[in-house]
Amino acid sequence: MSNLIGADDAARQDPLSQLKWLVEVGADEAIGETPVNRFQVRPPAPAEQPARPAPAPDAPAPRINARSGGDLVKNAVGLAQECQTLEDLREALNQFEGCGLKQTAHSTVFSDGNPAADLMLIGEAPGRDEDREGLPFVGRSGQLLDLMMAAIGRERGAQDPKASIYIANILPWRPPGNRNPSLEEISLCLPFLKRHIEIAQPKVLLALGGTSAKHLLETPTGIMKLRGRWAKVSTSAGEIDCMPTFHPAYLLRQPGQKKYAWADLLKVEAKLRDR
Ligand code: URA
């Protein structure tokens, strides 16, 4: 990494050197139109606007008809429910301007794989690679996910519904800098995902990671307790069996946990074998 500390003033003033330095320290994309001075001391919030307490880490996930976000959530539910096909739903997301994440994302990451697959995987949110390509799970965790699926005889591109998978995320837009999405952002996106599941009608859902499992199952319980146990996701078309398991990104960091994910996948394979 080039070191601007100690560089002469001319180099510090040079916009190209500044840009190069930003890229080298990892700030590789612009997320706003105007610069923000984050070192500026802000005046304290006025007494009548108390700062909102941070949600507890295990706070209950919002229900699908969450009241938070009020009209915007109702609007999202209404828009999603009107959709009869996956193409309608893709178009509805393209039209929906209620969620701020869309403004900073490059793409709406809708889905990948075979929509007729009997197994639907639900991840959390697109990362940088997915945002660039417009497809879910194309980065490093996607490569591991593909290997995990191959181990149970499945491939995204397969034509046979019993040999393929269909993939979507809780959020179709990348949170800037991969920050954690807020509950409001999730509440605004969940109606579209629920409708996505209703239209695709998979036989089994695989929830990848804690965020996906919590919000699909509407529970505050963490992934350590949820994984490996069958649960039900309720949709307007009935209940769907859902297996929560570890997120591939977690497995990349904790390879020793892969044996648990493997056990979960075997349960999924067994359940789908005879259906
Ligand atoms: N992680 C996710 O949860 N989803 C993606 O699409 C990529 C990474």
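Condition first: more than 26 Å from residue 223 (Cβ to Cβ), assigned to a loop (DSSP other than H, G, I, E, B) and in contact with a Ser or Thr (Cβ under 8 Å, 6 or more places away or on another chain). Now tell me which residues in segment 74-123 satisfy that.
114, 116
Would you please name the residue that is farthest from the ligand (Cβ to nearest atom), looking only at residues in segment 208-235 that are within 19 Å of residue 81 (Cβ to Cβ) and in a strand (DSSP E or B)?
Looking at residues that are within 19 Å of residue 81 (Cβ to Cβ) and in a strand (DSSP E or B), I get 234.
Quick one: in segment 210-229, which of the residues that are surrounded by 21 or more Cβ atoms within 10 Å (Cβ to Cβ) and in contact (Cβ under 8 Å) with a residue 60 or more places away in the chain is farthest from residue 168 (Cα to Cα)?
214
Within segment 192-210, count every residue that is touching a helix residue (DSSP H, G or I) at 6+ places or on another chain (Cβ under 8 Å) and either among the hydroxyl-bearing types (Ser, Thr, Tyr) or closer than 20 Å to residue 264 by Cα (or both).
8
Could you tell me whether segment 157-167 includes any residue that is outside any loop (DSSP other than H, G, I, E, B), crowded, with 16+ Cβ neighbours inside 10 Å and either within 12 Å of the ligand (Cβ to nearest atom) or β-branched (Val, Ile, Thr) (or both)?
Yes, that holds for at least one residue.
With respect to the numbered conditions (1) within 17 Å of residue 93 (Cα to Cα); (2) within 9 Å of the ligand (Cβ to nearest atom); (3) surrounded by fewer than 24 Cβ atoms within 10 Å (Cβ to Cβ), which one is the sole condition not fulfilled by residue 108?
(2)
Take segment 168-190 and flag every residue that is out of contact with any strand residue (DSSP E or B) (no Cβ under 7 Å at 6 or more places or on another chain) and in a loop (DSSP other than H, G, I, E, B).
Hits for segment 168-190 are 171, 172, 173, 174, 175, 179, 180, 181, 182.
So is residue 205 in contact (Cβ under 8 Å) with a residue 12 or more places away in the chain and either part of a strand (DSSP E or B) or over 30 Å from residue 79 (Cβ atoms) (or both) or not?
Here the answer is yes, as residue 205 does meet what is asked.
Out of segment 144-156, which residues are surrounded by fewer than 19 Cβ atoms within 10 Å (Cβ to Cβ) and more than 16 Å from residue 169 (Cα to Cα)? Let's see the steps before the verdict.
First, the residues of segment 144-156 that are surrounded by fewer than 19 Cβ atoms within 10 Å (Cβ to Cβ): 146-147, 150-153, 155.
Scanning segment 144-156 gives 147, 150, 151, 152, 153, 155.
Taking residue 135, is it in contact (Cβ under 8 Å) with a residue 24 or more places away in the chain and in a helix (DSSP H, G or I)?
Here the answer is no, as residue 135 does not meet what is asked.
Do we have any residue at all in segment 182-194 that's within 11 Å of the ligand (Cβ to nearest atom) and in contact (Cβ under 8 Å) with a residue 24 or more places away in the chain?
no
Output the residue which, of all residues in segment 230-268 that are charged (D, E, K, R), in contact with a strand residue (DSSP E or B) (Cβ under 9 Å, 6 or more places away or on another chain) and surrounded by 12 or more Cβ atoms within 10 Å (Cβ to Cβ), is farthest from residue 144 (Cα to Cα). Spell out how you get there, then give the answer.
Looking only at segment 230-268, we keep the residues that are charged (D, E, K, R), and these are 232, 239, 241, 253, 258-259, 264, 267.
Subsequent filtering for residues that are in contact with a strand residue (DSSP E or B) (Cβ under 9 Å, 6 or more places away or on another chain) retains 232, 239, 241, 264, 267.
Imposing the further condition that a residue be surrounded by 12 or more Cβ atoms within 10 Å (Cβ to Cβ) reduces the set to 232, 241, 264, 267.
On the way: 232: 26, 241: 24, 264: 15, 267: 19 Å.
The residue in question is 232.
Rule-based calculations on the coordinates, nothing more; no lab input. Computed from a prediction, not measured in an experiment: that's the story for all the values here. Using ideal geometry, Cβ is built from the backbone for each residue, glycine included, and neighbour counts are taken over all protein chains shown.
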